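Colleague: Dumping the structure here so I can ask a few things about it.
Since every read-out is calculated from the coordinates, none of them should be taken as a lab result. Owing to the predicted nature of the structure, the values given are computational and were not obtained by experimental measurement. Here the Cβ positions follow ideal geometry from the backbone for every residue, glycine too, while neighbour counts run over all protein chains shown.
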Number of protein chains: 2
Amino acid sequence: MQVVALSCGNGGKEAQDFIHKVFMPHLQGFLTAEGEDAGVFEARGALALSTDSFVVDPPIFKGGDIGKLCVCGSANDVAMQGAHPEYLSVGFILEEGLEVALLQEILASMQAQLRLGGLKLLSLDTKVVPKGCVDQIFINTTALGPVLYPHLSAKNLKEGQVIIVSGAIGTHGAVLFSQRAEIQLDTPLVSDCQQLYPLLEPVFQSGCKLHALRDATRGGLASVLHEWAQSSGVGIEVEEDCIPILEGVRGVCEILGLEPFMLANEGVCVLCVEAKDARQVCALLQEGGAKKACVIGEVVAGRGVTLKTPWGSKRPLDILEGELLPRIC
Amino acid sequence: MQVVALSCGNGGKEAQDFIHKVFMPHLQGFLTAEGEDAGVFEARGALALSTDSFVVDPPIFKGGDIGKLCVCGSANDVAMQGAHPEYLSVGFILEEGLEVALLQEILASMQAQLRLGGLKLLSLDTKVVPKGCVDQIFINTTALGPVLYPHLSAKNLKEGQVIIVSGAIGTHGAVLFSQRAEIQLDTPLVSDCQQLYPLLEPVFQSGCKLHALRDATRGGLASVLHEWAQSSGVGIEVEEDCIPILEGVRGVCEILGLEPFMLANEGVCVLCVEAKDARQVCALLQEGGAKKACVIGEVVAGRGVTLKTPWGSKRPLDILEGELLPRIC
């Protein structure tokens, strides 16, 4: 089979063949319940669950693809509630005529991430729609797992707490911008797309006090800080000089007139921690491989998000308005 | 706001406004964790989870719409594992330019089904893609809940067990066929789309022995019976005369040359039960409102699925090949 046919989604013979020949070689080892409508698992205590649809364009980009992105993205959303992502469900929406080779590349990439994260698949769904009804491939993933570090919330921020980022910001967004057909910038950048739980587990277990945790996806760092400031009724002040940004990302931003604070990330999180624990949290993140993890600011009295420039002046950090670039995740 | 703008999915200010103005009036009361990346809930014991993407065309049809369909469809898949659907996650993929009034109608319909099923929303995601990248609206739902009646499986069938259907078959498929733009048949039929758990709860609690349970969606009754026969390595024999089919569905099938056994259902399930309990299971289903619930056949030695015609002859019941009609759910 070279391309996906409409009959691959008919719920009959071709659909069974399609699943067995194309999906199973990559996903079988991770499925908990082949051939049933629902997967069953044993649970005890608090579980966190998050759903996300992935519509990224192009489906394969530098440093990742929609398969890697959907596993990382949903696992990260669960990790952001202080939980260990253990299970996943996946729903594919495929366009009639999609190259099977492209689908297989995406499935291989999912397989690698499922293995890396020790994730199991509870449920798998495949729909095929007529040509023109969807652009190539969309994937929805739902991840869940036990809460290890409870009570993280956007409403927890209080004056004096410290804001940390786990890595250089804006890279995923800059890669997508530069790779999009209408732009086609040549840059050595690769997406930051990665699973964050392995990085965070030592922090959860350290005894350090975390108040809020969020991965800075659509809307970027600016969006997380604004949501936190608004939800908690506080101000946040960040130092522009402290925020790690790769040279290549600065370059893309200059050429295209973008703010790196608003660009999407897929493997960078923002942490709000107790001031006395900030140094230890940064050290743990760095030991885990997040070499650029650092303090970027603090929670202050007042409202809104303020950026302190390298010249000592202050300006409001704007939140994204309009749409920078659709389909970045 | 009259139509959905691309910026409604930007993760920034417009996205927040869009969620609060359009989604929250309908869904707020069901959300467990507004403003967080993941919902948290307490669990104990075995849970069943199922995911499904809904791409039905048209999004509003006689007897339902994509909003009703996605809640019923996912809740039903969980119920088919003997579980009580309690939680749901929902991911919307919206086309730029979608009428907000259409979206609101769909959300109101979801709200009614969430209330009816006593379901809570753990996680909500919204993506907006440029015009032409998706056809109006696709929804992915993932449902989960505690298993009350464990060990139902397509692999459980043994000779002598009895096959029951909960209602007249093929109605949803016939409605979609007759309403599709290229066909436009005028019929009084309405989709059978409904939540099945309330109907099944008394059966789960009755002490009757169920072996397998499946809702007959894509591929219809024929697909369920074939999957069961194959998974269990048995034969299944059904009596054509016993299978309930509405007159209107027979009419659509005659005009269009279709087999009702292959048409999709969205509120009809197939049960495989111990022979001695068959009468009681039918009675419980009928008391619950499924007036047409009845025995249609039995598990036999051999392989494959056989249809006994009203004239006493036998023929193989074919499984769907090719694609009857794309996007029926």
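Colleague: Treating the beta-carbon of each Lys and Arg as +1 and of each Asp and Glu as -1, no other charges, what is the dipole magnitude of the stretch A:1-137 about its Cα centre, to the nearest 20 debye?
Modeller: 280 debye
Colleague: Here's another thing I want to ask about it. Which of the residue pairs A:LYS120/B:LYS158; A:LYS62/A:LYS292; B:LYS62/B:LYS292 have a Cα-Cα distance greater than 24 Å in the structure shown?
Modeller: Where the Cα-Cα span goes over 24 Å, the pairs concerned are A:LYS120/B:LYS158.
Colleague: Only helices at least 18 Å long along their own axis, judged from Cα atoms, and with Kyte-Doolittle mean hydropathy of -0.5 or greater: name those in chain A from DSSP H.
Modeller: Result, helices passing both filters: A:66-79, A:100-117, A:220-232.
Colleague: Mind checking the dipole of the protein assembly as shown: about its Cα centre, +1 per Lys or Arg Cβ, -1 per Asp or Glu Cβ, Debye to the nearest 20?
Modeller: Using only the charged Cβ atoms, the result is roughly 1100 debye.
Colleague: Using a 10 angstrom cutoff on alpha carbons, build the Gaussian network for chain B and name the most mobile of B:SER153, B:SER109, B:SER231.
Modeller: B:SER231
Colleague: Given the options B:ALA38, B:ALA275, B:ALA229, which has the most mean-square fluctuation in a GNM of chain B, springs set between C-alpha atoms less than 10 angstrom apart?
Modeller: Greatest mean-square fluctuation among the candidates belongs to B:ALA38.
Colleague: May I pose another question? Got the A:GLU239 label distances to the other copies yet, label 7 Å along Cα→Cβ, in nm, shortest first?
Modeller: 8.4
Colleague: Take the Cα gyration tensor of the stretch A:139-242, multiply each eigenvalue by 5, square-root it, and list the three semi-axes largest first, rounded to whole angstrom.
Modeller: Its equivalent ellipsoid spans semi-axes of 28, 19, 14 Å.
Colleague: May I ask what percent, to the nearest 5, of DSSP beta bridges between residues of the stretch A:6-146 are antiparallel?
Modeller: So the antiparallel bridges amount to about 65 percent of the total.
Colleague: Where both partners of a DSSP beta bridge lie in the protein assembly as shown, what percent of those bridges are antiparallel, to the nearest 5?
Modeller: Antiparallel bridges make up about 75 percent of those DSSP assigns within the protein assembly as shown.
Colleague: Further question on the same structure: Could you run the Debye sum over the Cα atoms of the stretch B:162-316, one equal point scatterer each and no solvent, and tell me log10 of I(q)/I(0) at q = 0.13, 0.15, 0.19 Å⁻¹, two decimals?
Modeller: Results for the stretch B:162-316 at q = 0.13, 0.15, 0.19 Å⁻¹ read -0.58, -0.77, -1.18.
Colleague: Would you work out which of B:SER166, B:GLY97, B:GLY64 lies farthest towards the positive end of the dipole of chain B, given +1 charges on the beta-carbon of Lys and Arg and -1 on that of Asp and Glu, about the Cα centre?
Modeller: B:SER166
Colleague: Tell me the relative contact order for the stretch B:6-146 as a rounded percent, counting alpha carbon contacts under 8 Å between residues six or more apart.
Modeller: Relative CO of the stretch B:6-146 lands at 39 percent.
Colleague: So, by mean Cβ neighbours within 10 angstrom, what's the order for A:235-245, A:216-226 with the highest one leading?
Modeller: The most tightly packed comes first, giving A:216-226, A:235-245.
Colleague: Dipole magnitude of chain A about its Cα centre, charges +1 at Lys/Arg Cβ and -1 at Asp/Glu Cβ only, in debye to the nearest 20?
Modeller: Dipole of chain A, to the nearest 20 debye: 680 debye.
Colleague: If you take each beta carbon of peptide A:142-148 and count the beta carbons of other chains within 10 angstrom, what is the mean?
Modeller: Counting Cβ atoms of other protein chains within 10 Å of each residue's Cβ and averaging gives 5.
Colleague: Based on the Kirkwood radius over alpha-carbon pairs, what is the Stokes-Einstein translational diffusion coefficient of chain B at 25 °C with 0.890 mPa s viscosity, in µm²/s?
Modeller: Value of D from the Cα-based Kirkwood radius: 119 µm²/s.
Colleague: Counting only helical runs of four or more DSSP H residues, what would the 222 nm mean residue ellipticity of chain A come to if each run contributes -39,500 (n - 2.57) and the total is spread over all its residues?
Modeller: -8500 deg cm²/dmol
Colleague: Next question, about the same structure. Using mean Cβ contacts within 10 Å as the protection proxy, how do A:139-152, B:128-141 order, highest first?
Modeller: A:139-152, B:128-141
Colleague: Which distances, shortest first and in nm, link B:LYS131 to the matching position in the other copies, using label points set 7 Å out along Cα to C-beta?
Modeller: 2.3
Colleague: Still on this structure: Just the number: Rg to Rh for the stretch B:6-146, Cα atoms, Kirkwood Rh, two decimals.
Modeller: 0.96
Colleague: Shifting gears a bit: Which of the lysines could be linked to A:LYS13 by a straight reach, that is with a Cα gap under 17 Å, when you skip same-chain ones fewer than 8 residues away?
Modeller: Once the sequence-local lysines are set aside, what remains near A:LYS13 is A:LYS21, A:LYS127.
Colleague: Can you find, among B:GLN184, B:MET1, A:LEU148, the residue sitting farthest towards the positive end of the charge dipole of the protein assembly as shown, where Lys and Arg contribute +1 and Asp and Glu -1 at Cβ?
Modeller: Towards the positive end, the residue furthest out is A:LEU148.
Colleague: Let me ask something additional. Inside 10 Å of the C-beta atoms of A:128-136, what's the mean count of C-beta atoms belonging to other chains?
Modeller: Averaged over the peptide's residues, the number is 5.
Colleague: Over 39 Å apart: what share of the alpha carbon pairs of the protein assembly as shown falls there, rounded to a whole percent?
Modeller: Of all Cα-Cα distances in the protein assembly as shown, 31 percent exceed 39 Å.
Colleague: Which whole-number percent gives the relative contact order of chain B, counting Cα pairs below 8 Å spaced six or more residues apart?
Modeller: In percent, rounded to a whole number, it is 22.
Colleague: Between copies, how far apart are the A:GLN205 label points? List them in nm, one decimal, shortest first, with each point 7 Å from Cα toward Cβ, please?
Modeller: Values, ascending and in nm: 4.4.
Colleague: Right, here's the next one. Dividing the convex hull volume of the alpha carbon atoms of the stretch A:201-264 by its residue count, what do you get in Å³ per residue?
Modeller: Hull volume normalised by residue count: 124 Å³.
Colleague: How much of the DSSP bridge set in the stretch A:162-316 is antiparallel, in percent, rounded to the nearest 5?
Modeller: In the stretch A:162-316, DSSP labels about 80 percent of beta bridges as antiparallel.
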